[in-house]
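Readers should treat all values here as calculations from the given coordinates under stated rules, not as data from a laboratory. Here the structure is a predicted model, which means the values were calculated and not measured. Cβ coordinates were reconstructed from backbone atoms using ideal geometry, including for glycine residues, and neighbour counts include every protein chain displayed.
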Amino acid sequence: MSGAMARRRLLALGGGLALTGGLAACSSPLASGLTGSQPNTADVIFWNLFTGGDGANMVAMEDRFRKAHPDTSVEATVLGWGNPYYTKLALATASGTPPDVGVAHLSRLPLLAASGLLEPIEQTGLGELGVTADKFTPAAWRKATVDGTVYAVPLDTHPFVLYYNVDLARRAGLLDSGGSLVRLEGADDFIAAVKAMKTAGGAQYGAVMSITADPSTAWRCFSMIYSGLAGPVVTDSGTTIALDDEAVQETVAFLQRLTGGGLMPGNLNGSGANALFSTGKAGFLFDGEWQIPSYRQVKGLRFDVVPFPALLGPKPVAYADSHALVVPRNTARSDTRTRNAALFIKGLLDNSAVWAEGGHIPAWLPTQRGRAFLDLSPQRHYVQAAFDAQYDPEAWYTGAGSDFQNVVGGTITEALAGRITPKGAAPALRADLERFTTARPPVTMK
Amino acid sequence: MTTVAATRPAPTARTGTHTAGRPHRSERRAGALLTAPFFVIYLVFLIGPLLVGVVLSFFNTTTVKDGLGEFVGLSNYSEVIGDPQFWDAMWHSVLFTLLTTPPLVILAMAAAILASRVRRGRVFYRLAFFAPYVVPSSIVALIFLWMYTPQIGLIPKIFGAVGLPVPDFIGSTSGGWTAVTLMTLWWTFGFNFVLYTAAIQDVPSDVYEAAAIDGAGPWQQIRHITVPMLGRTTSLVLILQILASLKVFDQIYLLLGGGPDQSTRPVIEYIYDTGFTSYRGGYGAAATMVYFVVIVVISAAWYGLRRRRATRTAA
């Protein structure tokens, strides 16, 4: 009996200890997390989804801000790119414990805005700091506007661009006297250039692109060419299919001229495209500018990057997305915190030349036109793409890392691999789109 | 998991004040207390979420908004059941199970028997067969992706070098299934191998001795002693393997992204794509419930079948 007593006393003691431990920890982030209050561990809490080179650049920008504003502390948290990030941002905001500043893709903005998760930029005091529409790339600022309200401050534009191997291009006679790629105009011109890379340049392939198991890249390429001919594939906030069958057919036929004739492999994945372009076995590479840092590290590879020329339509189109800074809605946020958040956003914009080293075109015009950025090559060669930017259509299901890109891009991948005919592509895409236009939206959009 | 319980010494009957079979009150209480941590975790992390999932499946819940959202009745279920993509995904999970279960069971048994009969370096073989199982799926997928990569990968290069037509491992549906099956075989077969190795050690050596005296060769010993004695282990391995294969997600997601064109997307990825990527939490919950019912039915059917067979052999 006494043994049981002793045990009980021991248990009680242990419980008491655990309890006092818990009480003492009340001020810690863990305890405030358990009680659901915001852990104000810094003046500005900043969430982003950047790792690798972009992550390092972002940290450098944060450090510059800290140096310029020693009184304002910044705590940055990096979360996994794509869904893990957006799910956490949305849930944290919905439950009233959001960060003060977050990063969002502009292609994802329509849904975030419609869910009421974001503070309109007008109410953050950024306007008083000089952050106004006239100082941004117009296309990016337009995309940051949902139903007449601006919900995000664009940090950059990151377009789908045309890489070329300088040595192969010279041998193929594709360089002008200034040493840059000759002006190409229209589909035939472009295909002739790809052919020249292969025949005269001596490349194994005229062009490469990541196709296999990479539906987003396939979608970017398709969307860019298709947008030269027709408007968005869905309208009315994503409830109506507006697919132009003829434009689809023409676009796919063009893509198959590249992949069908051996100019470009129809079954190459990301690492394959990377290896072939890095080793000088491919003349052109179709990819996002964010790959520039990784090709920079390749010894002996001389390459340059330009916007895609006009292919099927009259004007060049650049498929693009933008990283933007948002202030998630929080009714409990004090005016001081909001002011600090605005200050921090302004600081990131001012330092966005650092950001441009990752290949991105600064959306903030004072930086885009500043010395620090204009000294960057090849970054300064494709600035025009930011002005010709074409984003994902506005809907609750579109955007970076979305199931929409995965599904529609999957069909384009099949077309690029030659398993769908140009004529068969439109019905296949229509079936894909129907899955989204008929699904019940998680939030009502205007 | 003993296969032959008779070889173990029977537990000696306990002497004490309490009658056999009915533990003392304080012992019962101790038992309840000792299992309490497990039950709490089970309730909080399994039963709780399951019930929340059931509730969510009747609402248009989304991950971008607070609360449950509007009540939609059974319409999530009717949409799931009416979506051919869902049934495609279900079929892909079943197909993966059909492709992987037989080789994973048969090869594991064969390898375990062979490894147990090796005279020298038995530990090395056991380790070598089991080692891949401890490698994380992301790393296995990265390595195999490099080997399968078209144009530059090791395996397509080998096919090309010996003059065989190069299969499109990641870009085509049949190639994708081949790629993911081979990778899964190499990666997970170690677990079944260990189960079989343990069971083989439980086969009493006197049975082999008796067989040897009667003139049975090694092959006859394997066929008539080892394999039948492993029967119970085989049925356990089989059900574990079927359930594990039905739950496939990471290999296919990492290696193929469910592609090409969703032709290999397993049902868990369908749930992930709709519930998280497309923010439709309620719909994803409904799909999960349908899938859950299917899994429970399969397990229950298997359990019933085993019991019937067990009673029949006992009779």
Quiz item: Summing Lys, Arg as +1 and Asp, Glu as -1, what charge do residues with Cβ under 12 Å from the Cβ of A:His323 carry, A:His323 excluded?
Solution: -1
Quiz item: Rounded if a/c is under 1.5, else prolate if a/b beats b/c, else oblate: with a ≥ b ≥ c from the C-alpha gyration tensor eigenvalues square-rooted, which is segment B:57-314?
Solution: oblate
Quiz prompt | Within 10 Å of each Cβ in B:251-263, the average number of Cβ atoms from other chains | solution = 5
Exercise. Report, in debye and to the nearest 20, how large the dipole of segment A:236-387 comes out about its Cα centre when Lys and Arg carry +1 and Asp and Glu carry -1 on their Cβ.
Key: 760
Quiz prompt | Within 10 Å of each Cβ in A:141-151, the average number of Cβ atoms from other chains | solution = 0
Quiz item: Just B:Phe130, B:Phe159, B:Phe193 to compare: in a GNM of chain B, with alpha carbon springs under 10 Å, which one fluctuates most?
Solution: B:Phe159
Practice problem: Can you find, among A:Phe277, B:Thr173, A:Pro154, the residue farthest towards the positive end of the dipole of the protein assembly as shown? Put +1 on the C-beta of Lys and Arg, -1 on that of Asp and Glu. | Solution: B:Thr173
Quiz item: Antiparallel DSSP bridges in chain A: what percent, to the nearest 5?
Solution: 65
Self-check item: FRET efficiency for A:Glu246 and B:Asp88, using Cβ-Cβ distance with R0 set to 30 Å, rounded to 0.05
Solution: 0.50
Practice problem: Extending each Cα 7 Å along its Cβ direction at B:Arg308 and A:Glu128, get the distance between those two points in nm, one decimal. | Solution: 7.8
Quiz item: For labels at A:Asp176 and B:Ala32 in the simple 7 Å Cα→Cβ model, what's the distance in nm?
Solution: 8.7
Quiz item: Under the definition of Cα pairs under 8 Å and six or more residues apart, what whole-number percent is the relative contact order of chain A?
Solution: 25
Self-check item: Candidate lysines - alpha carbon under 17 Å from A:Lys67, same-chain residues fewer than 8 apart omitted
Solution: A:Lys346
Quiz prompt | Residues in segment A:58-94 that a label on A:Ala372 would reach, taking backbone N under 15 Å of a point 7 Å out along Cα→Cβ | solution = A:58-69
Practice problem: Specify which residue in the list B:Gly281, B:Asn192, B:Val297 is farthest towards the positive end of the charge dipole of chain B, using unit charges on the beta carbon of Lys, Arg (+1) and Asp, Glu (-1), about the Cα centre. | Solution: B:Asn192
Quiz item: If contacts are Cα pairs under 8 angstrom and at least 6 residues apart, what is the relative contact order of segment B:57-314 in percent?
Solution: 32
Quiz item: Which listed residue (A:Ala92, A:Val383, A:Ala342) has the Cα farthest towards the positive end of the charge dipole for the protein assembly as shown, taking +1 on Lys and Arg C-beta and -1 on Asp and Glu C-beta about the Cα centre?
Solution: A:Ala92
Quiz prompt | Residue of A:Lys346, A:Lys143, A:Lys423 that the Gaussian network model of chain A assigns the largest fluctuation, springs spanning Cα pairs under 10 Å | solution = A:Lys423
Self-check item: Computed helical MRE - 222 nm, the protein assembly as shown, DSSP H runs ≥ 4 contributing -39500 (n - 2.57), nearest 500
Solution: -16500 deg cm²/dmol
Practice problem: State, to one decimal in nm, how far the label point of A:Ala332 lies from the label point of B:Leu107, with both points 7 Å from Cα in the Cβ direction. | Solution: 5.4
Quiz item: If the chain between B:Ala128 and B:Trp186 were fully stretched, how many nm would it gain, using 0.36 nm times the residue separation less the Cα-Cα distance?
Solution: 19.8 nm
Quiz item: Is there a pair in A:Lys198/A:Lys299; A:Lys143/A:Lys446; A:Lys198/A:Lys281; A:Lys195/A:Lys281; A:Lys88/A:Lys143 whose C-alpha atoms are over 20 Å apart, and which pairs would that be?
Solution: A:Lys198/A:Lys299; A:Lys88/A:Lys143
Quiz prompt | Modelled FRET efficiency - R0 51 Å, B:Val296 with A:Ala200, Cβ distances, 0.05 increments | solution = 0.20
Quiz item: How would you classify the protein assembly as shown from its alpha-carbon gyration tensor, with a ≥ b ≥ c the square roots of the eigenvalues: rounded for a/c under 1.5, else prolate if a/b is greater than b/c, otherwise oblate?
Solution: oblate
Practice problem: Let me know the charge dipole size of the protein assembly as shown about its Cα centre in debye, to the nearest 20, where only the beta-carbon of Lys, Arg (+1) and Asp, Glu (-1) is charged. | Solution: 3440
Quiz item: Is there a simple number for the mean count of other chain Cβ atoms within 10 Å of the Cβ of residues in A:270-280, and what is it?
Solution: 3
Quiz item: Charges only on Cβ, +1 for Lys and Arg, -1 for Asp and Glu: so what's the dipole of segment B:205-315 about the Cα centre, in debye to the nearest 20?
Solution: 520
